[in-house]
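> This is the structure I have questions about; it appears just below.
What follows draws every value from the coordinates through simple rules; no lab data is involved. Treat the numbers as computed from the prediction; the structure is a model and nothing was measured. Don't worry about glycine lacking a Cβ; one is built from the backbone with ideal geometry, like all the others, and counts go over all protein chains shown.
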Amino acid sequence: MFTGIVEEIGIVKEVNPYHLLIEAKRVLEGMRISDSIAVNGACLTVTSLNSNAFSVDVMPETLRRTNLGELHYATQVNLERALVVGGRLGGHLVLGHVDDVGEVISVIPEEAAHTMRISVPSKLMPYIANKGFVAVDGASLTIARLDDFSFTVSLVAYTLEHTTLGSRKPGDRVNLEIDVIARYIERLKEGSSQGLTFDFLEEYGFVRKES
């Protein structure tokens, strides 16, 4: 579980099939092999580490659903360690399970901030709500506006400086994870539209079949 508050920008130092070596500093503090780490919002497992870098394996399914397959030497990536129980939840609940990839349509300076418009695969649009949450490359953002196929977020100076979103430009592909609460609400709506059935109640833990 993550919060969508990016801790550090890492640098990709090595890319092999299904394997990444990432240079970092802050996230290495207290890190151990087998720990979870979000890389551009994708939850991965640390397989090795040293004093200035760590390695992760990337499965084929992750490469299909995210932009990690586009990484190369010296690419910057957003990094966040898993949430510590009892810690502050500064963003929103982020699972690190990327739903799909969107594309940056525009980036427009607006006083001290930038507005970024991102296209969304049609299957995700039912989960995108005005003033709701979305994780973009692992960064927790609030949706400012939306239309039938895209949403707009406002990036404050801190986000521009401390995440890779500050270097994103039109045409770049970004990882998207919808708000888990929106996901369950939509699923519950689907169930209620089909009528309240025993299977529906069982699926959500209200009843249990006798063994």
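> Report the full-extension gain for the segment residue 16 to residue 108: residue separation times 0.36 nm, less the Cα-Cα distance, to one decimal in nm.
On the way: separation 92, 0.36 × 92 = 33.12 nm, distance 3.53 nm.
Taking 0.36 nm per residue and subtracting the Cα distance, the gain is 29.6 nm.
> So how far apart, in nm, are the two label points at residue 1 and residue 29 if each is 7 Å from Cα heading toward Cβ?
Inter-label distance under the simple model: 2.3 nm.
> How far apart, in nm, are the 7 Å Cα→Cβ label points at residue 84 and residue 97?
2.7
> If you average the alpha carbon positions of region 90-114 and of region 33-89, how far apart do those two centres end up, in angstrom?
18
> Among 150, 48, rank each residue by its count of other Cβ atoms within 10 Å, from fewest to most, as a rough exposure measure.
On the way: 150 18, 48 12.
Ranking 150, 48 by Cβ neighbours within 10 Å, fewest first, gives 48, 150.
> Any chance you could get the radius of gyration and Dmax over the Cα atoms of the chain, in Å?
Both quantities, over Cα of the chain: 18.4, 63 Å.
> Which whole-percent values make up P(r) of region 100-179 when all C-alpha to C-alpha distances are grouped in 10 Å steps starting at zero?
In order of increasing distance, the bins hold 20, 61, 18, 1 percent.
> Near the amide H of residue 100, under 5 Å away, which other amide H atoms are found, from residues 5 or more places off or on another chain, if H is placed in the peptide plane?
Those lying under 5 Å, H to H, from residue 100 are 176.
> What aspartates and glutamates sit close enough to residue 25 to cross-link, taking a C-alpha to C-alpha distance under 18 Å and skipping anything fewer than 8 places away on the same chain?
Within the straight-line limit of under 18 Å, residue 25 reaches these aspartates and glutamates: 7, 8, 14, 35, 80, 161.
> Say R0 is 35 Å: what FRET efficiency, to the nearest 0.05, do residue 74 and residue 130 get from their beta-carbon distance? Walk me through the intermediate numbers first.
Details: r = 37 Å, r/R0 = 1.06.
Result of the calculation: an efficiency of 0.40.
> Summing -39500 (n - 2.57) over the DSSP H runs of n ≥ 4 in the chain and dividing by its residue number, what mean residue ellipticity at 222 nm do you reach, to the nearest 500 deg cm²/dmol?
Details: 4 runs with 32 residues, N = 211.
Helix-only estimate at 222 nm: -4000 deg cm²/dmol.
> Of 14, 8, 110, how do they rank once you tally other Cβ atoms within 10 Å and put the fewest first?
Working: 14 12, 8 16, 110 9.
In order of increasing Cβ crowding within 10 Å: 110, 14, 8.
> Looking at the chain as a GNM with Cα springs under 10 Å, which of 85, 104, 12 has the largest mean-square fluctuation?
Among 85, 104, 12, the largest GNM mean-square fluctuation belongs to 85.
> Only loop residues by DSSP count here, and only those with at most 14 other Cβ atoms within 10 Å; note down the chymotrypsin sites (Phe, Trp or Tyr not before Pro) in region 78-164 that meet that. Write down the numbers at each step before the final one.
Values: sites: 127, 133, 149, 151, 158; in loops: 149.
Hits after loop and neighbour filter: 149.
> Only Cα pairs within less than 10 Å get springs; with that Gaussian network setup on the chain, which residue of 69, 41, 30 has the largest fluctuation?
Largest GNM mean-square fluctuation: 30.
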